[in-house]
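Undergrad: Please see the structure below; I have some questions.
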Amino acid sequence: MALTFWKSKFWTPCVIASVAFAAGLLTSGWANDHSEVHADSNRVFELRIYHAMPGKLPAMESGFRNTTSNLLMKHNLNVVGYWIPDSKNPAWDNTFVFLLAHSNREEAEKNWKEMFADPDFQEVIKSEQKERLLDKADTTYMQPTDFSPAK
């Protein structure tokens, strides 16, 4: 019974989001003086889950490693980390996860707009479409709670 509960499709994204959040804590929480963090922070995190076409995950990883990560950095899209699920659950095969931190939602939207206008990124998009790497993408913005160490 307990094993079936944890194998459900609902819990796997929760576990991945928790791991991503924990990584954010490790990379940003320890570096800051927590006494200066205020609950009214506008900082947001963006969780992106990319579902690659079957067998295309290695090509997607390579694209991020060699090109996309540099373009994200160029456009102030601050990546906390990249992950691939370490799971035996076939529902998560061909999945690429990354988490970004933004000072606020408006900045995130401005930076993404600038990135999509970049001719170098347009070439990346054309290449990915030609190779049919991406099946679908799930994206959500998350705000830290008032008791979260990561703000």
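The values are calculated or read from the model by the stated rules, or taken from the named source; none is laboratory data. It should be emphasised that the depicted structure is a prediction, and the values quoted were computed from it without experimental measurement. Please note: Cβ atoms are built from the backbone with ideal geometry, for glycine as well, and neighbour counts cover all protein chains shown.
Undergrad: Filter segment 138-151 for residues that are surrounded by 11 or more Cβ atoms within 10 Å (Cβ to Cβ) and hydrophobic (A, V, I, L, M, F, W, C); which is farthest from Ala108 (Cα to Cα)?
TA: Across segment 138-151, the extreme among qualifying residues is Ala150.
Undergrad: For segment 125-147, which positions are within 19 Å of Asn78 (Cα to Cα) and either in contact with a Phe, Trp or Tyr (Cβ under 6 Å, 6 or more places away or on another chain) or at pLDDT below 95 (or both)?
TA: Answer for segment 125-147, where residues must be within 19 Å of Asn78 (Cα to Cα) and either in contact with a Phe, Trp or Tyr (Cβ under 6 Å, 6 or more places away or on another chain) or at pLDDT below 95 (or both): Ala137, Met142, Gln143, Pro144.
Undergrad: Now for a separate question. The conditions are (1) surrounded by fewer than 18 Cβ atoms within 10 Å (Cβ to Cβ); (2) under 17 Å from the mean Cα position of the chain (by Cα), and Leu100 fails exactly one of them. Which is it?
TA: (1)
Undergrad: Do we find that Ala150 is more than 18 Å from Ala52 (Cα to Cα), at pLDDT below 95 and either part of a helix (DSSP H, G or I) or touching a strand residue (DSSP E or B) at 6+ places or on another chain (Cβ under 9 Å) (or both) in this structure?
TA: In short, yes.
Undergrad: A follow-up question, please. Tell me whether segment 84-93 contains one or more residues that are surrounded by 14 or more Cβ atoms within 10 Å (Cβ to Cβ), charged (D, E, K, R) and touching a residue at least 40 places away in the same chain (Cβ under 8 Å).
TA: Looking for residues that are surrounded by 14 or more Cβ atoms within 10 Å (Cβ to Cβ), charged (D, E, K, R) and touching a residue at least 40 places away in the same chain (Cβ under 8 Å), one finds none in segment 84-93, hence no.
Undergrad: So which of Asn78, Asn70, Asn111, Asn89 ends up being out of contact with any Cys (no Cβ under 6 Å at 6 or more places or on another chain) and either modelled with pLDDT under 95 or hydroxyl-bearing (Ser, Thr, Tyr) (or both)?
TA: Criteria check complete, one pass: Asn89.
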